[in-house]
Amino acid sequence: MNKSILKTVQEKARQIWDDEGILDEKINVTARTLSTEEAIGNPEGDDFPLLRGKEKLMEAEFRNSKGQAFTDRFGNFSSSLREIAHMDLENNFRRAIFISSLNAVQASLNQTDRTIHCRDEGPALCAPKFADHVMDKYGKIRITQIGYQPAMIKSFADKFELRVVDLDPDNIGNIKCGITIEGPDDTAKAIDSAELLIVTGSTIVNDTLGDFLIDGKPTIFFGTTVAGAADIMGWTRFCAESS
């Protein structure tokens, strides 16, 4: 990612929190790792990343509001908002702390919503709504999806010319709904061939989000991880079943 993007998000968050008078308060924000059952319940299918143990959701709670972030590096953390607002975001763990905290705080301020991952049948309900939304807005176009989300692959493959890129070696080369999952080496070509990018919001934690903000090419982020940052930065996000 262009480092200035995440730095800009952090600076904007710090200013908002300062304006709200909460930056200097000794407010503890605790991030904890959720079990699969806590995070997403029992969705249809068994190939969601959370079910396979590849990622976990870290959850921050602030003034009775909660925010989450997908990450492959997880653990517990507690501090003031000031420390988080000035934290060096040098790895996935620190970025997950900041992003989950950002989501919780912005939700508490009523400046963002849908910061809690959908559960049970939620992914299966969201995916066709997302595909219909894209069809209504853009028509039948070429899409590249960044991030393996099986319900979305099924819904988009039914309606669009689709390519899917993922980082997980266990997914790369597999075929899902007639689509061969591509890897990082194919990303540039997959982006070039697309008229629309559908990108997992967890790219803000793994430090690649900036690769998918391309002049002249629309991008829609999906999921809860990017909720607060998308609202701060004006990025388009679709997340129909989260809370």
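Might you report the magnitude of the Cβ-based charge dipole of the stretch 97-243 about its Cα centre, with Lys and Arg at +1 and Asp and Glu at -1, to the nearest 20 debye? List each step's numbers first, then the result.
On the way: 13 positive and 20 negative charges, 74 e Å.
Roughly 360 debye, rounded to the nearest 20.
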Practice task
Starting from the residue with the highest accessible area, list E59, E90, E11 in decreasing order, probe 1.4 Å.
Solution key: E90, E11, E59
Completion exercise
Once both label points are put 7 Å beyond Cα along the C-beta direction, the K137-N110 separation in nm becomes 2.5 nm
Fill in the blank from the handout: Ratio for the stretch 86-217, C-alpha Rg to 2.2 N^0.38 Å, reads 1.13
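Please go through the residue pairs K12/K140; K176/K217; K12/K189; K7/K189; K7/K176 and name each one whose alpha carbons sit more than 31 Å apart in this structure. If you can, show how the numbers build up before the last one.
Numbers: K12/K140 36 Å; K176/K217 25 Å; K12/K189 33 Å; K7/K189 28 Å; K7/K176 36 Å.
Among K12/K140; K176/K217; K12/K189; K7/K189; K7/K176, the Cα-Cα distance tops 31 Å for K12/K140; K12/K189; K7/K176.
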Exercise for the section: Extending each Cα 7 Å along its Cβ direction at D215 and D170, get the distance between those two points in nm, one decimal. Expected result: 4.1 nm
Exercise for the section: Quick one: which residues, 5+ away or cross-chain, put their amide H under 5 Å from the amide H of E195? H built at 1.01 Å from N. Expected result: R142, I143, T144
Completion exercise
Residues whose built amide H sits under 5 Å from the amide H of S79, excluding neighbours closer than 5 in sequence, are V29
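For K129 and M87, compute 0.36 nm times the residue count separating them, minus their Cα-Cα distance, and round to one decimal in nm.
Numbers: separation 42, 0.36 × 42 = 15.12 nm, distance 3.71 nm.
That works out to 11.4 nm of additional length.
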Practice task
Taking the Cα centre of the stretch 159-242 as origin, work out the dipole magnitude from +1 charges on Lys and Arg Cβ and -1 charges on Asp and Glu Cβ, in debye rounded to 20.
Solution key: 280 debye
Exercise for the section: Would you please classify the overall shape of the stretch 148-218 from the alpha carbon gyration tensor, given that a ≥ b ≥ c denote the square roots of the eigenvalues, rounded means a/c under 1.5, and beyond that prolate means a/b larger than b/c while oblate covers the rest? Expected result: oblate
Completion exercise
With bins of 5 Å, the percent of all Cα-Cα pairs of the stretch 69-109 per bin from 0 is 5, 24, 35, 26, 9, 1
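The values are calculated or read from the model by the stated rules, or taken from the named source; none is laboratory data. On a predicted model such as this, the values are computed, not experimentally measured, just so you know. All Cβ positions, glycine included, derive from the backbone under ideal geometry; neighbour counts span all protein chains shown. For accessibility, only protein heavy atoms count, side chains too; no ligands or nucleic acids. Shrake-Rupley method; radii C 1.70, N 1.55, O 1.52, S 1.80 Å.
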